[in-house]
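Comments concern the structure below.
The values are calculated or read from the model by the stated rules, or taken from the named source; none is laboratory data. Computed from a prediction, not measured in an experiment: that's the story for all the values here. Cβ coordinates were reconstructed from backbone atoms using ideal geometry, including for glycine residues, and neighbour counts include every protein chain displayed. Surface areas here come from the heavy atoms of the whole protein model, side chains and all, with no ligands, DNA or RNA. Shrake-Rupley method; radii C 1.70, N 1.55, O 1.52, S 1.80 Å.
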Amino acid sequence: MLVASLIAGCEDSSKKRNGRTDTPTSGAISFASDESFSPIIQELVDQFEFKYPKAKLTPIYTNEIDGFNMIKDMKTCLFFTSRPLKDSEVAYMKTKKQIPSVFPIGYDGLAFIVNTQNNDTCISVKDIKRVLSGEAKDWSDIVPGSKRGVIDVVFDNKQSATLHYVVDSILDGKPINSPNITAAKTSKDVIDYVDTTPNAIGVIGSNWLNDKRDTTNTTFKKNIHVMSVTVNDVATPRNSWKPYQAYLLDGRYPFARTIYAICVDPQKALPWSFANYVTSPVGQMIVFKSGLLPYRGDITIRRVNVKKQ
């Protein structure tokens, strides 16, 4: 029934009387999002529905591969993910007389998290590549003298935007060859796994990590440690950075990925309206307040000196 409703949701306007009845501010639709972006997408949905009470948006949190198949096959009109459509995908959609629109909406960081018992929280890009490629298998391979044992790497799932970013942007297209890889089902499962596994490194989108009680967006969840990353060969607390907004903006955090909204809505109704809302000043402020870096907006970084008494 879900697939049927999605297909009906994307029929063209000539079939509107037998399918969609949504307008830019009312009606009910479903859309897809990579699960790793679910916290920010849910926040945007909540705010949009608050502004437009007659609108009902139902996000379907899935993996990147299934999400792209849904948008290509017109089983959904809107998909949030971490890459734009490839030329071949655009050409395929044009054969169906559909022209997709791509909206960059913001940036998050690909974060590496460890158990709270693990205080070795600085790591270099070089060592991350060694871990993921299987060259470094034990904690002592990256932290001399460590007794923590094998490095247990955990991702959300095998088809997620997170894993594909690692392969494409960190390993330059080479496969992940770490001998100890765990595929959890969701991003929350990654956090839970790391919370109970002292030798684990979790790979997760930074939009899952902010402590919502902190309005400054400078506090991460208390049940895990977020690693600081450096492009230098040797990581130290002075040359390594966490995926805070400021460090995504100035490039000090090396693993920033763009979040895209891909929209195919011939009727320019509710999916189109929501995609544009996300890129509007209001939507971009919601992205900013969630702890991510908005795609649009004037952002000023101020240095503050704190005097200790």
ask   = Based only on the alpha carbon positions, what is the Kirkwood hydrodynamic radius of the chain, in angstrom?
value = 20.5 Å
Share antiparallel - DSSP beta bridges, the chain, percent rounded to 5 = 55 percent
request  = Whole number in Å², please: accessible area per residue of the chain, 1.4 Å probe, ligands, DNA and RNA not counted.
outcome  = 49 Å²
task = Report the full-extension gain for the segment residue 280 to residue 126: residue separation times 0.36 nm, less the Cα-Cα distance, to one decimal in nm.
result = 51.6 nm
Rounded tilt (10° steps) of 38-51 against the dominant C-alpha axis of the chain = 40 degrees
message = Could you work out how much longer the chain between residue 177 and residue 150 gets when fully extended? Use 0.36 nm per residue separation minus the Cα distance between them, nm to one decimal.
response = 8.3 nm
note = Computed over the chain: longest principal axis from alpha-carbon atoms vs helix 187-196 long axis, angle to nearest 10 degrees, is 20 degrees
task = Mind checking the full-extension length gain between residue 223 and residue 54? Use 0.36 nm per residue of separation minus the Cα-Cα distance, one decimal, nm.
result = 57.0 nm
ask   = In cubic angstrom, how much convex hull volume per residue do the alpha carbon atoms of the range 36-101 span?
value = 98 Å³
task = Estimate the FRET efficiency between residue 268 and residue 195 by the formula 1/(1 + (r/R0)^6), using the beta-carbon distance for r and 45 Å for R0, to the nearest 0.05.
result = 0.50
inquiry  = What figure, in Å² to the nearest 10, do you get for the accessible area of residue 107 with a 1.4 Å probe and non-protein molecules left out?
reply    = 60 Å²
key: Estimated Rh, the range 27-159: Kirkwood, alpha-carbon pairs, angstrom   = 18.1 Å
The chain: calculated mean residue ellipticity at 222 nm from DSSP helix runs of at least 4, using -39500 (n - 2.57) = -8000 deg cm²/dmol
query = Placing +1 at every Lys and Arg Cβ and -1 at every Asp and Glu Cβ, with all other atoms neutral, what dipole size does the chain have around its Cα centre, in debye to the nearest 20?
reply = 720 debye
request  = Keeping every protein chain in place, order 167, 45 by accessible area at 1.4 Å, biggest value first, i.e. largest first.
outcome  = 167, 45
query = If you add up the charges near residue 89, with Lys and Arg at +1 and Asp and Glu at -1, over every other residue whose beta carbon is less than 13 angstrom from its beta carbon, what do you get?
reply = +2
key: the range 78-185: trypsin sites (Lys or Arg not before Pro) in DSSP loop, at most 11 other beta carbons within 10 Å   = 86, 96, 97, 147, 185
key: Carbon and sulfur %, accessible surface of the chain computed with the full protein complex present, 1.4 Å   = 52 percent
task = May I ask you to derive the relative contact order of the chain, considering only C-alpha pairs under 8 Å and at least 6 residues apart, and to give it as an integer percent?
result = 27 percent
message = With the cut-off at 19 Å, tell me which of the pairs 75/185; 158/185; 94/158 have Cα atoms farther apart than that.
response = 75/185; 94/158
ask   = If we sort 245-252, 75-82, 261-268, 234-241 on the protection proxy, mean other Cβ atoms within 10 Å, highest first, what's the order?
value = 75-82, 261-268, 245-252, 234-241
